[in-house]
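Below is one structure, written out as structure tokens; the observations come after it.
The values are calculated or read from the model by the stated rules, or taken from the named source; none is laboratory data. Values in this document were obtained by computation on a predicted structure and should not be read as measured data. Here the Cβ is made from the backbone with ideal geometry for all residues, glycine too, and neighbour counts use every protein chain on show. Just the protein is used for accessible areas: all its heavy atoms, side chains included, with ligands, DNA and RNA removed. Shrake-Rupley method; radii C 1.70, N 1.55, O 1.52, S 1.80 Å.
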Amino acid sequence: MNERVDIKRLASGVPGLDEVLGGGIPEFSFNLLAGGPGSGKTTLAHQIMFANATPDSPALYVSILGEPPLKMLRYQQQFGFFDHEKVGTCVWFLHLGEDVLRGGYETVLARILQEVQTRAPRTVFVDSFREITRRPRGPAEMGANDLVQRLALFLGSWEATSFLIGDFVDHEGENASLLTVADGIVWMRQTVDRNSVVRRMQVLKMRGQEQSPGLHTFRLSSDGVHVYPRMRNPALLGAETMPVRRRRLTTGVAGLDEMMGGGIPEGYAMMVVGPSGSGKSLLSTQFILEGIRQNEPGVIAVFEKRPEEYLQTLPAGGELAALIKAGSVRMMYLRPLDLSVEEAMEELRRLILEIGAKRVVIDSLSGFEVALAPAYREDFRESLYRMVGALTGLGATVVVTCELIESYIELRLTPAGVAFLADGIVLQRYVEAHGALGRAMAVVKLRGCAHSKDLRAYDIDDAGIHMGEMLGHYGQVLTGVPLLDPGRDALRLTPAPDATGKSVGRTRKR
Amino acid sequence: MDRVDKGEIREAALRLLAQKGARFAEPASLPEATARACEALVACLAQFVGPTGATALYERSVALTRRVHPWLALALSTVEVPRWVRLQASLEAHQDVAEEASLALLTSLLELFSTLVGRRLAVRILHAQLPEVFLLAASEVSP
């Protein structure tokens, strides 16, 4: 008789929540859904209720002094999870506003017990519990702590998984006894930062299982609550599972692949840094197009422009659009300005798994940062670290573009301090030569791999990026004003004009 | 479409009155049947919106019906006399228009509830409690 009890878990029916809870809601547990007004508690409760209610497992929603039931029915049915057919067949409502005002806690408890005995619900929701405990009571009357204790005991004995819903703004002081009795506590928060609203939840405890720590973003839409679990440390997720000798993924830019010893090592996060107009997006999309040639589907996440605009600006935009239509490439564009990294990550993960993507482009990091709600920008580096780890952990090779501030004397990236995230860095620079701007490219870093240290000129035309010659005859290239070594022939670093005077062509010797 | 169908509501009100003993050829049967029908309907609504919510809906329906039948004000409850007794008494005092007033009151209550929670949910809730009165369309019946 030493077998442990098998605690079953109810699926919450709320995307992302079960992962945060540590696998679902423990059966027969007594839980508290807490948070300030408008934080989404009632919606979360209804979503869980409708997901779990069946004729064999009915649900009971007890409202007390909170939102009137008529209004609750009116508004909750606007959500996609609301199932009209369940109301009155396996979802039951009980309103005890009058009872609490007239009879106190004893009456409330008696009415709940009576209804539970009649309906035998498997899930019970009591909303708003906070309002009951605020009610003044007589000296001989049952106290709120007694009510909680008895309710917890009774509902557990009747094999009901229960939820108290309450407008709590902190988890200290007068609420302490309730927090002690509860098996699980989910705290929901809504904060306004400048013009963006950020919703986050925290699972303070979940007895019998390991909940995911920290604050988790959630969004409230017409489908209900969607939780975006905070990404864990990539090392904990087993992200570093790639073989020591990695396959190389060609970029579609021949000379660049040579500089990297055959391409980007599989599972690497590669950062392409350069000033505006240097060809970062072009290089990234060439990487995706090359992937299609190698039968490796790809995903592009764009943040600065809408997909149509983005494709219009690329020489290969038409080809890419056709691939997107055919389904071998997916493009992700999320509503900017109130995004969380987790939300972007979940959408990316969905697209990667949907087409089995091997290549992922994030264009650009600075655009991504701007798209985030201000509250998330503070943790951007940390979140990005987790995100890159999670993406490479999915087996994807990631190319991230990053804006370079051209100071010519140092490598300054925007956002600042993100270079450590990358396994490799390709640097693009402008150089001044012959009265025009030319371009030079170098592989600055390729973790654990031998790579060329050359600075090579490159051109861009309608066919894409073309690597030119090594700028071996020049010095001080990174200052932006290269000096030709005495006695050497000059290279043309800028596109040569064609017969019409338009600048076209490759880097060549003058 | 989740619109309130006045014809459907009127038919349901007639079925409810008949279920509660109304014989339309005998006006004397209407006051008691109407009082019993309203009591049943309010009790049914109270299951979902609570007694206070159901009473509020009923009182609003009486107020709407009073525009045409001002004497129906007596239907509101007092401490001494329950509202159903007062309703029956007021209808008995106006038997010439009792059928019209009864139907107006019941359809008003049903319309109000349907408007607030939507026809689909209203029918579901009422059907769950009074299945012979509130019928589901073929498309609303679960397979």
* To do: Those residues that are small (Gly, Ala, Ser) and surrounded by fewer than 20 Cβ atoms within 10 Å (Cβ to Cβ), I need them from the range A:180-204; list them, please.
  => A:196
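Which residues, taken from the range A:384-413, are assigned to a loop (DSSP other than H, G, I, E, B), at pLDDT 80 or above and open to solvent by 40 Å² or more (accessible area, probe 1.4 Å)? Can you show your working first?
First, pick out the residues of the range A:384-413 that are assigned to a loop (DSSP other than H, G, I, E, B): A:394-396, A:407-410.
Next cut, at pLDDT 80 or above only: A:394-396.
Matches in the range A:384-413: A:394 only.
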* List every residue pair whose Cβ atoms sit under 6 Å apart, with the two residues 6 or more apart in sequence or on different chains, where the first one lies in the range A:379-400 and is not assigned by TED's automatic domain parsing to the domain that holds residue A:347 and the second, anywhere, is surrounded by fewer than 22 Cβ atoms within 10 Å (Cβ to Cβ) and in a helix (DSSP H, G or I). => none
* Asked: In the range B:104-120, is there at least one residue being part of a helix (DSSP H, G or I), among the polar types (S, T, N, Q) and within 14 Å of chain A (Cβ to nearest Cβ)?
  -> yes
* Structure fact -> Taking the range A:39-79 and keeping only residues that are over 31 Å from the mean Cα position of the chain (by Cα), closer than 22 Å to residue A:25 by Cα and not β-branched (Val, Ile, Thr), one is left with A:55, A:56, A:57, A:58, A:59, A:60, A:61, A:63
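Yes or no, residue by residue, for (1) closer than 30 Å to residue A:374 by Cα; (2) over 11 Å from the mean Cα position of the chain (by Cα); (3) not charged (D, E, K, R):
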{"residue": "A:327", "(1), (2), (3)": "no, yes, yes"}
{"residue": "A:330", "(1), (2), (3)": "yes, yes, no"}
{"residue": "A:334", "(1), (2), (3)": "yes, no, yes"}
{"residue": "A:347", "(1), (2), (3)": "yes, no, no"}
{"residue": "A:352", "(1), (2), (3)": "yes, yes, yes"}
* the range A:194-212: number of residues that are over 16 Å from the mean Cα position of the chain (by Cα), part of a loop (DSSP other than H, G, I, E, B) and closer than 15 Å to residue A:23 by Cα -> 5
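Could we say that residue A:29 is within 14 Å of chain B (Cβ to nearest Cβ), among the hydroxyl-bearing types (Ser, Thr, Tyr) and touching a strand residue (DSSP E or B) at 6+ places or on another chain (Cβ under 6 Å) here?
Details: within 14 Å of chain B (Cβ to nearest Cβ): no; among the hydroxyl-bearing types (Ser, Thr, Tyr): yes; touching a strand residue (DSSP E or B) at 6+ places or on another chain (Cβ under 6 Å): yes.
When the stated conditions are applied, residue A:29 does not pass them.
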* Considering residues of the range A:70-110 that are small (Gly, Ala, Ser) and in contact with a strand residue (DSSP E or B) (Cβ under 8 Å, 6 or more places away or on another chain) only, the residue farthest from residue B:137 (Cα to Cα) -> A:97
* Only one residue in A:375, A:416, A:436 is at pLDDT below 85, touching a Ser or Thr at 6+ places or on another chain (Cβ under 6 Å) and among the small types (Gly, Ala, Ser). Which one? -> A:436
* Among helices (runs of 4 or more DSSP H) lying entirely in the range A:39-119, which contain 1 or more residues that are more than 10 Å from every other protein chain (Cβ to nearest Cβ), touching a Cys at 6+ places or on another chain (Cβ under 8 Å) and in contact (Cβ under 8 Å) with a residue 12 or more places away in the chain? -> none
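Yes/no per residue for (1) of a type in the set (Gly, Ala, Ser); (2) modelled with pLDDT of 90 or more; (3) in a helix (DSSP H, G or I); (4) open to solvent by 20 Å² or more (accessible area, probe 1.4 Å):
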| residue | (1), (2), (3), (4) |
| --- | --- |
| A:230 | no, no, no, yes |
| A:238 | yes, no, no, yes |
| A:295 | no, yes, no, yes |
| A:305 | no, no, no, yes |
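Every residue in the range A:26-38 that is farther than 21 Å from residue A:343 by Cβ and assigned to a loop (DSSP other than H, G, I, E, B), please. Steps first, please.
Of all residues in the range A:26-38, those farther than 21 Å from residue A:343 by Cβ come to A:26-34, A:36-37.
Listed by number, the residues that qualify are A:27, A:28, A:29, A:36, A:37.
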* To do: Could you list all residues from the range B:47-89 that are under 20 Å from residue B:27 (Cα atoms), assigned to a helix (DSSP H, G or I) and either open to solvent by 50 Å² or more (accessible area, probe 1.4 Å) or in contact (Cβ under 8 Å) with a residue 40 or more places away in the chain (or both)?
  => B:65, B:70, B:74, B:84, B:85, B:86, B:87, B:88, B:89
* Asked: Within the range A:13-25, can one find any residue that is touching a helix residue (DSSP H, G or I) at 6+ places or on another chain (Cβ under 6 Å) and either basic (Lys, Arg) or outside any loop (DSSP other than H, G, I, E, B) (or both)?
  -> no
* Asked: residue B:70 versus (1) more than 14 Å from every other protein chain (Cβ to nearest Cβ); (2) closer than 16 Å to residue B:34 by Cβ: which is the lone unmet condition?
  -> (2)
* Asked: Residues A:327, A:356, A:367, A:317: which one is in contact with a Phe, Trp or Tyr (Cβ under 6 Å, 6 or more places away or on another chain) and open to solvent by less than 60 Å² (accessible area, probe 1.4 Å)?
  -> A:367
